[in-house]
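The values are calculated or read from the model by the stated rules, or taken from the named source; none is laboratory data. Note that this is a predicted model, so its numbers are computed, not measured. Neighbour counts run over all protein chains shown; Cβ positions are idealised from the backbone, glycine included. Keep in mind that these areas ignore ligands, DNA and RNA; they rest on the heavy atoms of the full protein, side chains included. Shrake-Rupley method; radii C 1.70, N 1.55, O 1.52, S 1.80 Å.
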Amino acid sequence: MITRLYSATVQGIEGLEVRVEVDAEPVKEMGRTLVVGLPDTAVRESVQRVNSALVNSSFFKPGEMAVTVNLAPADVKKQGPGFDLPIALGVEMAIQQNCPNVPDVHRRLVPLHLDDWCLVGELALDGMVRGVRGVLPLAIAARDAGRKYLMVSPENAAEAAVVEGIEVYAVENLLMAWDVLSHRESFRPVAPPAADDAELRDIDFDEIKGQPYARRAMEIAAAGGHNLLMCGSPGSGKSMLASRLPTILPPLTHEESLSASKIHSVCGLLPRTGGLLRRRPFRAPHHTISDVGLMGGGTNITPGEISLAHHGVLFLDELPEFNRRTLETLRQPLESGMVTISRASGSMDFPCAFMLVAAMNPCPCGYLGDPRHACRCTPGDVARYRKKISGPLLDRFDMLIEVPPVDPASLLHKPDGEPSAAIRARVVAARERQHARYAGTGVTCNARLSGKLLRKFCPLSPQQQDLLTQAVNQFGLSARAFDRILRVARTIADLAAHDTPTADDLLEAIQFRQFESQIRS
């Protein structure tokens, strides 16, 4: 008799249910265990872990049994150690049913209603159940496949329990797993973890001294989801400003939290306390990062930094120090919000709708234009440094600002800025106006407006059109920059509760673009 259980595997960031079929037959020669169904190395090695775990957990494992484990569908590659638990339980159930000489001391009643369960977990050699990556999408896949119960390790229980519509049971070892399958009513499912926003209070915008222009730019960028480039000398506060941007962003919706959490779950980066992400991601990779690290890829295709920043912020400090080819790979994902990774083993699509915030020095030494430090760079050095950032990439930034050095006298006084909570309230109000305006269009913020929708929702008077045309000609801006000015003006109007952008809104938006001509020069 064949034993059938259910587990799941991860493909990209999505879960896929896998049927685990186990057949065991007595043989006269030395027994063997074979796993088929496109297993990767970690799955093939489960044979050794399962055999040791069964013996060390006081289960019966005769040496004269031919065991075949089939993972279906057979045309999908199975990866990871999460199949250890269903394979071990399936092997023991098949032995109990098909081996006539199981000693009474090892004889166990095979559990019923196995079709209601999905089982995921890695096994230690002593039978303890360990956690695996990607439990969140696996739980969603099990629920969508109609499973009622999910069995995981205690390490993964809180993460899986956030999925509604399926009961999660945490098991510490193989013996407990068998008992839960046999007597589920005697055990309690894991309760979803309570939301905890304590991490939102660790840093605040009111710690920033000076820089009113940069703080205003941050508020506008947060309200419209705009990409922002800051240029300033070392110590002007660029990194400090960027690190506090998540504290003024609107809270994640449930759909956004679930989407971002799935990516972090697959990469094993969800907090140990479990639950969905409560704070928008903030990723700040070092400038030595590779193309694969930034975009995603690898032998088993996994998300990169741009996907880990989904619905959050990707901060690139020292932008010109990044490999130029690596930076150019950002251009298409910034426009589409998706990245497609193609390898010989297959192709995966990962979401990557993020805010790009970058910082750079005005020159290689960093002190060009600084009144207190002499710049040691030649004009040629400055030109070569700035040419590391291509014109098409600059066009992807909605706002480009100069961050001046901080006056030393201001460092002796208390910060004069607003706290994050006050700024965030205005940002949330502006986002709510955008959600109401773009209902039914699929657009979530002004930065994502297409050209057609931009003309519809951001009409300009003839005088405003002339003003914008003059600015584009004066600063040598591209057609893409023209649209980005309009998007920023629309956000400024939302912050001021204007139905349409005023001339002042448009002039302020132009100010956040005029620094581009200096970077290009």
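Which is farthest toward the positive dipole end of the chain among 422, 63, 447, measuring Cα position about the Cα centre, with Cβ charges +1 (Lys, Arg) and -1 (Asp, Glu)?
About the Cα centre, the residue reaching furthest to the positive side is 447.
Got a sec? Charge dipole of segment 136-260, +1 on Cβ for Lys and Arg, -1 for Asp and Glu; which of 228, 173, 157 is way out at the positive end?
Of the options given, the answer is 228.
For residue 502 paired with residue 466, estimate the spin-label separation in nm (one decimal), with each label point 7 Å from Cα along the Cα-to-Cβ line.
In this crude spin-label approximation the distance works out to 2.0 nm.
Which of the three applies to segment 230-313, rounded, prolate or oblate, going by the alpha-carbon gyration tensor with a ≥ b ≥ c and a/c under 1.5 meaning rounded?
oblate
Here are a few candidate values for Kirkwood radius over Cα pairs in Å: [x] 26.0; [y] 26.9; [z] 25.1. Which one was actually calculated from the structure I just gave you?
[x]
Once the whole set of protein chains is in place, how much accessible area is left on residue 386, using a 1.4 Å probe, in Å² to the nearest 10?
30 Å²
Reachable lysines from residue 61, Cα under 16 Å, same-chain residues fewer than 8 places away excluded?
List returned: 28.
Using only the heavy atoms of the protein chains and a 1.4 Å probe, how would 151, 240 rank by accessible area, largest first? Mind showing how you got there, number by number?
Values: 151 0, 240 75 Å².
Result of the area sort, largest leading: 240, 151.
To check you understand DSSP bridge types, tell me what percent of the beta bridges within the chain (both residues inside) are antiparallel, rounded to 5. Show your work: numbers first, answer last.
On the way: 28 of 55 bridges.
Taking every DSSP beta bridge within the chain, about 50 percent pair in antiparallel fashion.
Can you tell which of 477, 243, 186 lies farthest toward the positive end of the dipole of the chain, using +1 and -1 charges on the Cβ of basic and acidic side chains (Lys, Arg; Asp, Glu)?
Value: 477.
Report the accessible area of residue 437, computed with a 1.4 Å probe over the heavy atoms of all protein chains in place, in Å² rounded to the nearest 10.
Roll a 1.4 Å probe over it and residue 437 shows about 60 Å².
Residue 32 to residue 284: FRET efficiency via 1/(1 + (r/R0)^6), r the Cβ-Cβ distance, R0 35 Å, to the nearest 0.05?
Working: r = 50 Å, r/R0 = 1.43.
Calculated transfer efficiency: 0.10.
Could you work out the percent of alpha carbon pairs in segment 76-211 separated by over 27 Å, rounded to a whole number? Working shown, then result.
Numbers: 2833 of 9180 pairs.
Result for the distance tail: 31 percent.
Over the chain, what is the mean sequence separation of C-alpha contacts under 8 Å (at least six apart), divided by residue count, expressed as relative contact order in percent?
Values: 1036 pairs, mean separation 69.6, N = 521.
Here the relative contact order equals 13 percent.
Pairs 387/456; 77/262; 238/456; 209/456; 238/414: which exceed 28 Å Cα-Cα?
Numbers: 387/456 36 Å; 77/262 20 Å; 238/456 35 Å; 209/456 40 Å; 238/414 19 Å.
In this structure, 387/456; 238/456; 209/456 exceed 28 Å between Cα atoms.
Excluding residue 388 itself, what net charge comes from residues whose Cβ is under 10 Å from its Cβ, given Lys and Arg +1 and Asp and Glu -1?
Details: positive: 324, 384, 386, 387; negative: 321.
Net charge in that neighbourhood comes out at +3.
Based on Cβ point charges of +1 for Lys and Arg and -1 for Asp and Glu, what charge dipole magnitude is obtained for segment 303-367 about its Cα centre, in debye rounded to the nearest 20? Mind showing how you got there, number by number?
Details: 4 positive and 7 negative charges, 38 e Å.
Here segment 303-367 has a charge dipole of around 180 debye.
Return the FRET efficiency for the residue pair residue 349, residue 422: r is the Cβ-Cβ distance, R0 is 51 Å, and the value is rounded to the nearest 0.05. All intermediate terms of the calculation are to be shown ahead of the outcome.
On the way: r = 39 Å, r/R0 = 0.76.
Using R0 = 51 Å, I get an efficiency of 0.85.
Quick one: how many Å² of residue 288 are accessible to a 1.4 Å probe, rounded to 10?
Probe radius 1.4 Å; accessible area of residue 288 about 100 Å².
Can you run phi through the Karplus equation (6.51, -1.76, 1.60; θ = phi - 60°) for segment 8-25 and list ³J(HN,Hα) in whole Hz, with x for Gly and Pro?
These are the phi-based 3J(HN,Hα) values: 7, 10, 9, 10, x, 10, 10, x, 9, 5, 10, 8, 9, 10, 10, 10, 10, 10 Hz.
How big is the charge dipole of segment 88-233 about its Cα centre, in debye rounded to the nearest 20, if each Lys and Arg gets +1 on its Cβ and each Asp and Glu gets -1 on its Cβ?
Working: 13 positive and 22 negative charges, 60 e Å.
The dipole of segment 88-233 has a size of about 280 debye.
Quick check for me: using +1 on Lys/Arg Cβ and -1 on Asp/Glu Cβ, what's the dipole size of segment 16-110 about its Cα centre, in debye to the nearest 20? List each step's numbers first, then the result.
Values: 10 positive and 12 negative charges, 28 e Å.
Taking the Cα centre of segment 16-110 as origin, the dipole is about 140 debye.
So the label point goes 7 Å from the Cα of residue 388 along Cα→C-beta, right? Which residues of segment 304-337 then have their backbone N under 14 Å from it?
Zone members listed by number: 316-328.
Please list 385, 367, 213 from largest to smallest accessible area, probe radius 1.4 Å, with all protein chains kept in place. It would help to have the intermediate numbers written out before the result.
On the way: 385 10, 367 55, 213 85 Å².
Largest to smallest exposure gives the sequence 213, 367, 385.
For each cysteine in the chain, check whether another cysteine's C-beta sits under 4.7 Å from its C-beta; list those where none does.
99, 118, 231, 267, 352, 365, 375, 445, 458
Angle check, please: helix 479-495 long axis (alpha carbons) against the longest principal axis of the chain (alpha carbons), in degrees 0 to 90, nearest 10.
Helix 479-495 sits roughly 90 degrees off the main axis of the chain.
Sum up the charges of everything whose Cβ sits under 11 Å from the Cβ of residue 441, counting Lys and Arg as +1 and Asp and Glu as -1, but leave residue 441 out.
Values: positive: 437, 448, 452, 456; negative: none.
Charge balance near residue 441 sits at +4.
Under 11 Å from the Cβ of residue 56, count the other residues' Cβ atoms, weight Lys and Arg +1, Asp and Glu -1, and hand me the total.
Numbers: positive: 49, 61; negative: 126.
Combined, the nearby Lys, Arg, Asp and Glu give +1.
Want the number for residue 188 to residue 520: 0.36 nm per residue separation, take away the alpha-carbon distance, what's left?
Values: separation 332, 0.36 × 332 = 119.52 nm, distance 6.34 nm.
Fully extending the segment from residue 188 to residue 520 adds 113.2 nm.
Using a 1.4 angstrom probe with every protein chain in place, what is the largest-first accessible-area order of 400, 270?
Values: 400 0, 270 20 Å².
Accessible-area ranking of 400, 270, largest first: 270, 400.
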